[in-house]
Amino acid sequence: MRKFSRVFMSVAMSLLLFVTGCEQQASTQAPNQTAQQPKKEATFLFDVNPETFEVFVEKEGVKESVSEPMPTRKVTNLHRDGQQVSWTYPDDQMEITLEYEGDYVQVQLKSTGADRFTWPKVSGTSYMLPLGEGKWIPSADKDWQVFLKDESLTFAESFSMRFFAVNKSKYAALFIADSVFNDTVSFTTDPAISLSFTHEFPTVNPVKSYGFRLYVTDNNPVSIAGVYKDYVMEKGEYKTLAQKASTNPNVEKLYGAPHFYLWNKTFLGANDLKWGQLKNRVEGKFLAWMTQLLMRNGEDGKESIQQLQDIQKQDYVADFQKKAILNGFNYVLRSKDFYNPQIFTQLDETTMALVNKGMAQLNEPELYELNKRLLKSVLKDAAGEVDQWGATDSTELLKKLQASGIRRAWIGLPDWTAAYMKPEFVKQADDLGYLIASYDSYHSIHKEENPDWNTAIFPDKSLYENATITKKNGEKKAGFLGEGRLLNPTLSLPSVKARMDEIMGTGIAFNSWFIDVDAAGEFHDDYTPGRTTTQEQDMEAKLARMDYIRDDKHLVIGSETGNDFASQTIAFAHGIETPVIKWADPDMRQNKTSPYYVGGYWSPAGEIPQRYAKQVPIKDVYRHVYIDPAYSLPLYKLVYNDSVITTHHWEWDSLKIKGEVGTRMLNELLYNVPPLYHIDNQAWEANKELITNHLKVWSPFHQKAVLREMTDFTILTEDRLVQRTAFGADMQVIANFSGKDFTYENQVVKAHSALVIDGKETKTFEATIE
């Protein structure tokens, strides 16, 4: 057997680049000059050592190792043929091929028996990674080293686009992965940050190879994103918002639209009852009937019963009693057993028509309408008109948004039951020109039904045993929060169609839809005997069900995170701009006495859950990693600004992080990101001025800028706290995150403010600093 010593291959080639300056220096171009300059050619030389798989490039006389050497391996079958080199690692059962393809090197790694393989391992002065929107990570940064120590990230989930870039002294090496399946990116931090890429070859997947395109480009985000966007366009995988709007004009309602979540899932609010008259209406047979129904609701039901009985002996109703009684009413109003002909004897014609239709024939909105009318028939003048129940946090709140000047908005409900309770609310939102959507999910399936987690309920009860995902060791994968199991998406479409047919068949006027997880890159191999499926099939099935909802039901579709494999399907996404912050930190998720505890999912009837309403600080290391503008890059926006509208994860809305509200408002302007808020009447009144002042500047700019490419991003100061973005040729934002004023083109940008330029028109926005 022939033994090979150090072998190199050198090939001169051309690479098309975007040139806009360098990573840590300010741009010197004119403010209205398009950043994506005409491409110019640059040559680089490429060398490889097969024994260690170390790859070198040389550009403009500077030679760098762009893939760190691995332990020396035995090499066989080394071939060099023109612009291709290939070899085999017999001990690792891997075949390697590198080939010059015109403006990049194609690297292909094929298993002939390996379970997994690690390549490349890279290190440099810093990294530009599409973690969420994008991050600049200096390799010697202590906070990033703490955060990334021994960290392993699933490539498909954590990387919003399928590339990573390592910055060398004069240029960057850009690795674009051929696919996102079965890949892990691992970090080491001693003495500096480096990363390695490992691919697994599962037994369920017949594809036994993975690969990269290796480019050399300037070490700045505009160049890196530009090369990647060219790649996406070459693959035919780019679809603009304008193209999406051509098939559904409602997509245009996202332009300039803030995103609001409204959490009220109750029929009655405190303002809907005349409490002084209530005890005279809830008595006798009706009180006994309420008691019988409420006994099914455990401790909450017992508390409601107790307070209904206690107010009979009082001439007042305390606030805690109101909450308990409202809980009781809202519970029985959902019951299929509420109608009792012995109790409800004086019914109007409309109510009798619903009764005569038969309980089994009523759909859910009709059942709720019947129950509301039944309760009104007993409460009489102790309750307001049925169509006004819950108006404070629904229809009246919409009127307040409209009166404040908000002409476009996306509104999300916690599930479709909230709409069933108030159909007129959904209709009013649509009439006002807003998008209104329900949250939906096909991620988890539960064996035992829970009406408060109705996305995990499916009429086909065989799915739990026959359509859930099996791990390699034979165990079933658990669902969200360890509840239930994971539904295999390749077997979900009939249930998706049945659910959507039922919901849309009620006549509820949804014009948008939000699907949890499907665009988040959470893919699974299913090892269930007889019906194994791969991560790629998992992805394709998730895209297919979103396509169905979008196309068959004509809804503006959005999903969690919005990683770019879904960019042609979705119009908007929640989670790229601020992802879920450190899910595993017990101080944030478990320790309720910690100042960092984000809050629980449960809330009193009708209120925003603490997890979304409670403002909390975050630890310094997380601020550094997730929020600090010095380390943030608009990599996703540089590629997809005019394709996918992205904002924060609903757990981390625009107001959630104490001490960072102003910084995030500036960032929303700089990156063209919709604000996201959780509101009810109380939260709106508390934050109305803050929200509307921001939207007066943000909304008109976004409405235009979202139809343009982001064409530039530049750092204007050494501390990286003054930054500029450009959209098309004449729209710019200069954001000053620092505590000092900054002069840009003879205009002063005050500390903690933004200068917004739209052609010849300029506006300023000054952030509130807490």
Hey, among the residues in the range 662-682 that are out of contact with any strand residue (DSSP E or B) (no Cβ under 8 Å at 6 or more places or on another chain) and over 22 Å from residue 724 (Cβ atoms), which one's surrounded by the most Cβ atoms within 10 Å (Cβ to Cβ)? 681
For residue 421, all conditions in the list (1) free of Cβ contacts under 8 Å to residues at least 60 places away in the same chain; (2) over 22 Å from the mean Cα position of the chain (by Cα) hold save one; what is the number of the exception? (1)
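This table checks each residue for (1) closer than 29 Å to residue 540 by Cα; (2) in the same structural domain as residue 169 (by TED's automatic domain parsing); (3) buried (at least 17 other Cβ atoms within 10 Å of the Cβ); (4) of a type in the set (Lys, Arg).
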site	(1), (2), (3), (4)
185	yes, yes, yes, no
205	yes, yes, yes, no
210	yes, yes, yes, no
224	yes, yes, yes, no
248	yes, no, yes, no
255	yes, no, yes, no
260	no, no, yes, no
280	no, no, no, no
In this structure, does residue 292 turn out to be within 47 Å of the chain's Cα centre (by Cα), surrounded by fewer than 18 Cβ atoms within 10 Å (Cβ to Cβ) and closer than 22 Å to residue 360 by Cα? yes
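One line per residue, one yes/no per condition, for (1) surrounded by 16 or more Cβ atoms within 10 Å (Cβ to Cβ); (2) assigned to a strand (DSSP E or B); (3) not charged (D, E, K, R):
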position: 79; (1), (2), (3): no, yes, yes
position: 87; (1), (2), (3): yes, yes, yes
position: 102; (1), (2), (3): no, no, yes
position: 108; (1), (2), (3): no, yes, yes
position: 113; (1), (2), (3): no, no, yes
position: 120; (1), (2), (3): yes, yes, yes
position: 128; (1), (2), (3): yes, yes, yes
Residue by residue through the range 152-164, note down the ones that are assigned to a strand (DSSP E or B) and surrounded by 19 or more Cβ atoms within 10 Å (Cβ to Cβ). 159, 163, 164
Starting from residues that are in a loop (DSSP other than H, G, I, E, B) and among the hydroxyl-bearing types (Ser, Thr, Tyr), keep the ones in the range 464-515 and report whichever is surrounded by the fewest Cβ atoms within 10 Å (Cβ to Cβ). 506
Going by the structure shown, is residue 400 out of contact with any Leu (no Cβ under 7 Å at 6 or more places or on another chain), in contact (Cβ under 8 Å) with a residue 24 or more places away in the chain, among the charged types (D, E, K, R) and assigned to a loop (DSSP other than H, G, I, E, B)? no
Of the residues 86, 123, only one is within 30 Å of residue 637 (Cα to Cα), modelled with pLDDT of 95 or more and assigned by TED's automatic domain parsing to the domain that holds residue 217; which? 123
When both residues are 6+ apart or on different chains and their Cβ atoms are under 7 Å apart, which pairs have a first residue that lies in the range 360-386 and is over 12 Å from residue 333 (Cβ atoms), and a second that is among the acidic types (Asp, Glu) and in a helix (DSSP H, G or I)? 384/272
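The values are calculated or read from the model by the stated rules, or taken from the named source; none is laboratory data. As the structure is a computational prediction, the values presented were derived from the model and not from experiment. Positions of Cβ are generated from backbone atoms using ideal geometry, with glycine treated the same way; all protein chains shown enter the neighbour counts.
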